[in-house]
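Single-structure report; data block below.
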Amino acid sequence: MRLYLRKPVVFSALILLALVVSVGPAVVSAQSGPILQLAVPQFLRQSLEGGALDAFEAQNGVQVNLVITGNVGGSPVNDVDGYLETVGEYVTSADVVFVQSNLITPEATRAGLFLDLAPLTSGDPNLNPTDFIPAVWQSFQWDGGVWALPFSTNVVGLSYDAADFDAAGLAYPMSSWTIDDLANAARALAVRGPDGAVTTAGLAIAANNVGLLYRSLTGQLFYDPNTLPANPRLATPELAAFLDTWKTLLDEGVVVMGGGGGADIPSMNVGGNGGGFGGPNANERAIILLPGGTAGLTPSSFAVSAGTQYPELAYELAKFLTMQPELANGFLGVTPARQSLAGIAPTNGGGPGLGGFVSPATQAFVADAIAYALPVSETRFANYVGAALNSMTSQGLDGLSALQQVEATAITNLQTADTARGTTVVAVATPVPPVVLQAGEVSIRLGVGQPQLLIANREAWSAVASEFAANDPQVGDVILDTPAGFGPGGSGDAGMAESFDCFYLNSNSVPSLDLSLVLNLDPFMDTDATFSRTDLVGNALTQVQRDNRTWAFPIMIQPEVLRYDPNQFAAAGVPNPVGGWTLDAFIDALEALKINTGDAAPIALNDGFSSMNLLMLIASYGGLPFDYRTDPPTVNFTDPATVDAIRQVLDLAKNGLIDYSELGAFGGGTTVTAAADNPPILTQTLGAGGGPGGGGGGLFGSGGQQNNQDYLLTMYPSGSLYTPISYNLGTAYISATAQNPDACYRLISTLSQHPELFGATMPARRSLINSPAVAAAQGQDAVDAYNMIDTLMQSPNTVVFPSLFQNVGPLTADTFLTQIWLNRAFDNYVLNDADLATELADAQVFVEGFQGCTAALPPFDPVVQSPQEYFLQFITCATQIDPSLTEFFGAAVGG
């Protein structure tokens, strides 16, 4: 089996897709038979490697190459041309492609992008359609064609909190409910504040499930079954009345579109597996069929490209894949599509799939739901219902007018697809032949531990690798690859060292690394005429050293920064913080910006996982609850200066100047103040996300908002005593088993000189910060911020805080755990008006007891135990000191 990676592209609001550029190569054996290409996302790779396809290859005399893609998705509703172009590029990447219901639609099939499998399924004596769950089997069948073969599915139902119904004196939901019953329950269950305004909706539903709910309630289709191919039929009085009612419920706030996450989740939820995953106590909620007595499906499947040269073999491969327990009982679904595979564990040693991680109530619901489920084919064109709702909100249309509008759009989109069918030639890209090494040449396997970084920026990586191989006196080929997954040969340190000659990680593993896995880099650095240790910014070099040796090459810095919108600053009369800002200037800016953001906070500061951003701001005020300048960090919650600094920052939250959500719930708690939808200021760890600019551009800040390109970079405010910074370090290593370590070093040294490979991140080499390439790619504001960071890293007043994206290994366990008690003190002060000094003193007692317990733990020894086993000892210490945490950690401590 051979591996390829395809470069993704981004169209409008679509997520990453596969492009028809063949790259590689990887090592392959001689193969005279046909070569089939199979496109799957990175997360399915491990299920298909390790011999999973050997039997198919041997039986059919073929070779199967994996084409690893980014996540594929999209919708034809608002941009059918972009959607068809995207799907067209995807189906040219491989003969067989992984699909879900959001990708394979009537628009795509009428455009001729997928092969109709009906002639093959109907003539296959070895195919047993009755083995499939009927509704799942029928999900990708329409217009007389069979468009995909499913292997697993999730189900959609209604979950509810029985206790909430009891408290409201309501009868529990029933499948016989009408829209009026659902509306009355949503109104009765909605939580209201003292002013009568709804604070928590009674019902949450994903936008793409609104049409499904209507179909379940009424039995009405969204297409005309008497036409072939079927045409959309959306502008009906019944659907219009439903949408008018739904819009009223949305306006009242008793229904919310989306998952309704957080601690105060709505009492009812229409979602995947009945909303049985996610949210506090989700597995304690009852789950039933949708009102109307049906359930929805979200199958995962394989389709065949219309451009394949081997339709029969491609069909056989797709069929073969539906019979593999590794896929059918993997994590993509709660039940296999084939009934004969129910309960069969994956042969690769994997777990029981999602079905093994849901509550008994959810398992019972799944068993019931598949008997009453609606095939996806019966809800086709339902995605236009959500578009109609959007038009009702944005344009003020009534239900019928909005439906007439989207029905016309749907018809036009299908006409566009029909036209494309006659003008588009679909051809699967030819596999790239392997490189033939010349006498004396060697190949190097380079692993990139962040798969999306390589997939998203493959052309740039390939160009650098090719140039290196062309100019290096020893290397004839650089094989770029990503880890298959977790476990042996996977993305862990041991797996990377085992699989590759050299490898790049998006974090610094040196503190917890088994040093026998990698080589000491000092001998290579000492003889590298192109490298100077003084060229590395700040203390980047010392962070990759242990035992006075250097074990990794610092490649890039992922700093925690603030991004601000100069347009909103100008509107509020606030000067741009060019060159940073003082604490007074920062507070003045928040107060001025608050005038325009109203009840919402002008800054999205809360990362939803830790209090680290708050701790950095507290340092600006002169307080260090944790002094990270010492090892281990010095804990002093009760120092008067620290107490005062904490109070000033938390008062900003109480006054609505910064956003604040309950920290003790780890992103699922009560929100005191929410950030504006497009806040003037937000936090961001550069390179931690998956946006444009190399897949590591990190265009998502702590509040989850997408950063507009107009947002500029600056740093946290400087205080009179301390200036806080935080950053993560991207690092490269040479495996201890590398056959050509000198060549590996030359390669990773070359990588360190190409910051464009790593997206919107800061080069670790000072000489590259002011390069024209960095300014052109990231903007002069980024260059200014990087120079500021370099200066701050050398300042004695700077305090470096741990990065949220650092490895949470055994050596950093207490960094995470000791924050629990401080977070609880913060919550009690902000949410309950508790006495701050008392809360902090109590937290100090718990932390000191915890540190006393952990001090007795033996040093981490990877030979004796895994990092997870070692980390469990820290959790045990925490629960011994504070038994109230036993429920918080749950099964980890046997509670």
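Structure data summary
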{"item": "Residues with amide H under 5 Å from that of Cys502, placed H, sequence gap 5 or more", "result": "Arg445, Gly447, Ser735"}
{"item": "Under 15 Å, Cβ to Cβ, from Pro119 - net charge with Lys/Arg +1 and Asp/Glu -1", "result": "-4"}
{"item": "Span-rule helices in the chain, defined as complete DSSP H runs reaching 24 Å or more along the axis (Cα) with Kyte mean at least -0.5", "result": "399-423, 836-854"}
{"item": "Cross-link reach list, aspartates and glutamates versus Lys654, counting only Cα pairs under 13 Å and skipping chain neighbours closer than eight places", "result": "Asp599, Glu662, Asp827, Asp833"}
{"item": "The range 524-535 - phi-based ³J(HN,Hα) in whole Hz, Karplus 6.51/-1.76/1.60, Gly and Pro as x", "result": "6, 5, 4, 10, 8, 5, 8, 10, 10, 4, 6, 7"}
{"item": "Estimated FRET transfer efficiency (Ser516, Asp710; beta-carbon r; R0 41 Å; 0.05)", "result": "0.25"}
{"item": "For the range 311-337 versus the range 169-199, the gap between their alpha-carbon centres in whole angstrom", "result": "41"}
{"item": "Gain upon complete extension [Asp861, Asp195; 0.36 nm per residue less C-alpha separation]", "result": "233.9 nm"}
{"item": "Cα→Cβ-extended label distance, 7 Å offset, between Ala470 and Leu170, nm", "result": "6.7"}
{"item": "Sequence-separation-based contact order of the chain, relative, with Cα cut under 8 Å and 6+ spacing, percent", "result": "12"}
{"item": "Option label - volume of the Cα convex hull per residue in Å³ computed here, alternatives [x] 172; [y] 306; [z] 246", "result": "[x]"}
{"item": "Kirkwood-Stokes translational diffusion coefficient of the range 386-505, alpha-carbon pairs, 25 °C, 0.890 mPa s, µm²/s", "result": "128"}
{"item": "Largest-first ordering by accessible area, 1.4 Å probe, given options Asp784, Asp166", "result": "Asp166, Asp784"}
{"item": "Accessible area of the chain divided out per residue, in Å², using a probe of 1.4 angstrom", "result": "38"}
{"item": "Rounded if a/c under 1.5, otherwise prolate or oblate - the range 721-810, Cα gyration tensor axes", "result": "oblate"}
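The values are calculated or read from the model by the stated rules, or taken from the named source; none is laboratory data. Remember, it's a predicted structure, so these values are computed and weren't measured experimentally. Glycine also receives a Cβ, built like all others from the backbone with ideal geometry; neighbour counts cover every protein chain displayed. Areas reflect the complete protein model, heavy atoms only, side chains present, ligands, DNA and RNA absent. Shrake-Rupley method; radii C 1.70, N 1.55, O 1.52, S 1.80 Å.
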